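Engineer: Sharing a structure with you now.
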Amino acid sequence: MFETLPFDQNGEKVLCAQHGKNAQMMMDIVIKRMKAGESLTINDPKNETAVLLIQGKVQFGFEGQTHEAKRDDPFGELPFAVHVCKGVVLQVKALADSEICIQQTENENTFPSKFYAPQDCDNAHSCHGRWEDCARRDVVTVFDYHNAPYSNMVLGEVIPAKGRWSSYVPHGHEQPEVYYYKFDKPQGFGACFVGENAYKIHDGSYVAVDANLTHPQVGAPGYRMYYIWMIRHLPNNPWTDRVDDPVHAWLWDEK
């Protein structure tokens with residue numbers, strides 16, 4: 001499923017719903033704009049919840065803790081996020097006009113709540129210097145199976161260099177994945193390739209990737225592309241690594 005969505009009257013974009021839109025992704029995912037002074041309370045009895053600050057300034061509150069997060073530029077600053085299990089009351093207060101991503105899925109596990117500051121996120125510089133530098137990007141992982149094995153989700157970001165490819169070498173995996181895109185200018189664009197289909201992506205586009213489909217993408221020269229990547233682990237089959245398309249695996253032997 002591919003779509004470029006406007007924000008609705010509530011300042012929201014609903015990308016997926018576990019029992020509705022794109023249900024095969026097994027996640028609830030909402031992008032939300034919050035006006036300065038606006039507050040949001042999440043108290044879900046079944047779902048674990050992650051909230052990522054895309055841009056703006058917010059205060060997170062949970063279990064007697066408060067954490068302030070400020071991010072002016074998602075293209076050049078690492079993220080802040082909060083991750084809580086079911087039954088934990090999470091409050092988000094916008095201290096300035098802000099944009100957040102809310103990711104949820106069912107999870108019977110209970111686990112300690114975690115606030116992720118930029119220094120807590122893994123920032124890997126991928127493919128720098130390979131293939132004439134045509135796939136250079138930063139891959140940011142907030143949490144995955146390695147540092148949060150109790151979770152049923154993965155959350156991260158990718159920031160390719162201008163005009164470069166990402167999610168490359170083409171790869172797939174059994175677990176469903178969702179990408180949400182932003183560009184540094186409203187006319188910015190790129191393309192994503194899901195299986196045998198190609199889509200022109202814009203600021204605010206998203207793609208829901210079904211099992212085992214390859215999903216490389218590329219941004220247009222001159223424009224910064226950014227996207228959030230969100231994976232849902234499968235029962236007894238968590239996502240731990242990419243599975244390269246064997247047709248293109250030879251590229252790892254090339255400089």
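The values are calculated or read from the model by the stated rules, or taken from the named source; none is laboratory data. A quick note: this is a predicted structure, and the numbers were derived from the prediction, not measured. So basically every Cβ, Gly included, is an ideal-geometry build from the backbone, and we count neighbours across all protein chains shown. Remember, those area values only see protein heavy atoms, side chains included, never the ligands or the DNA or RNA. Shrake-Rupley method; radii C 1.70, N 1.55, O 1.52, S 1.80 Å.
Engineer: Within the set of pairs 6 or more residues apart or between chains, which connect a residue that is among the aliphatic types (A, V, I, L, M) inside the range 59-75 to a residue that is crowded, with 20+ Cβ neighbours inside 10 Å and at pLDDT 95 or above with Cβ atoms less than 7 Å apart?
Structural biologist: Close Cβ pairs satisfying both conditions: Ala69/Leu53; Ala69/Val58; Ala69/Phe60; Ala69/Phe80.
Engineer: In the range 19-98, which strands (runs of 3 or more DSSP E) lie fully inside it and hold 1 or more residues that are open to solvent by 70 Å² or more (accessible area, probe 1.4 Å) and of a type in the set (Asp, Glu)?
Structural biologist: In the range 19-98, the matching strands (runs of 3 or more DSSP E) lie at 65-71.
Engineer: Hey, could you check the range 104-119 for residues that are in contact with a Ser or Thr (Cβ under 8 Å, 6 or more places away or on another chain) and farther than 28 Å from Lys70 by Cβ and say which is surrounded by the fewest Cβ atoms within 10 Å (Cβ to Cβ)?
Structural biologist: Asn109
Engineer: Moving on to the next point. Answer yes or no: is there a residue in the range 54-66 that is in contact with a His (Cβ under 8 Å, 6 or more places away or on another chain), closer than 27 Å to Ile159 by Cα and not polar (S, T, N, Q).
Structural biologist: yes
Engineer: Take Ala135 and tell me if it is hydrophobic (A, V, I, L, M, F, W, C) and over 14 Å from His233 (Cα atoms).
Structural biologist: Answer is yes for this residue.
Engineer: Shifting gears a bit: If you take the residues in the range 122-161 that are of a type in the set (A, V, I, L, M, F, W, C) and in contact with an Asp or Glu (Cβ under 6 Å, 6 or more places away or on another chain), which one is nearest to Ile102 (Cα to Cα)?
Structural biologist: Val154
Engineer: With the requirement that a residue be open to solvent by 10 Å² or more (accessible area, probe 1.4 Å) and more than 14 Å from the chain's Cα centre (by Cα), what does the range 153-169 give you?
Structural biologist: Listed by number, the residues that qualify are Ala161, Lys162, Gly163, Arg164, Trp165, Tyr168.
Engineer: Say we look at the range 218-232 and pick out the residues that are open to solvent by 10 Å² or more (accessible area, probe 1.4 Å) and not small (Gly, Ala, Ser); which of these is nearest to Lys182 (Cα to Cα)?
Structural biologist: Arg224
Engineer: A further question follows. Test of understanding: among Pro176, Pro79, which residue is modelled with pLDDT of 95 or more and out of contact with any helix residue (DSSP H, G or I) (no Cβ under 6 Å at 6 or more places or on another chain)?
Structural biologist: Exactly one of Pro176, Pro79 is modelled with pLDDT of 95 or more and out of contact with any helix residue (DSSP H, G or I) (no Cβ under 6 Å at 6 or more places or on another chain), namely Pro79.
Engineer: Quick check on my filter: what residues within the range 1-18 are assigned to a strand (DSSP E or B) and over 25 Å from Trp239 (Cβ atoms)?
Structural biologist: Thr4, Glu12
Engineer: A further question on this structure: Are there any pairs with C-beta distances below 6 angstrom linking a residue in the range 126-143 that is free of Cβ contacts under 8 Å to residues at least 60 places away in the same chain to a residue that is of a type in the set (D, E, K, R) and open to solvent by less than 30 Å² (accessible area, probe 1.4 Å), with the two at least 6 apart or on different chains, and if so which?
Structural biologist: These pairs meet every condition: Ser126/Arg137.
Engineer: For the structure I just gave you, tell me whether Val218 is part of a strand (DSSP E or B) and within 22 Å of Ala23 (Cα to Cα).
Structural biologist: no
Engineer: Considering only the range 205-215, state which residues are within 23 Å of Lys21 (Cβ to Cβ) and either open to solvent by 10 Å² or more (accessible area, probe 1.4 Å) or in a strand (DSSP E or B) (or both).
Structural biologist: Of everything in the range 205-215, those that are within 23 Å of Lys21 (Cβ to Cβ) and either open to solvent by 10 Å² or more (accessible area, probe 1.4 Å) or in a strand (DSSP E or B) (or both) turn out to be Ser205, Tyr206, Val207, Ala208, Val209, Asp210, Ala211, Asn212, Leu213.
Engineer: Same structure again: Of the conditions (1) surrounded by fewer than 20 Cβ atoms within 10 Å (Cβ to Cβ); (2) under 27 Å from Glu254 (Cβ atoms), Gly190 clears all except one; give me its number.
Structural biologist: (1)
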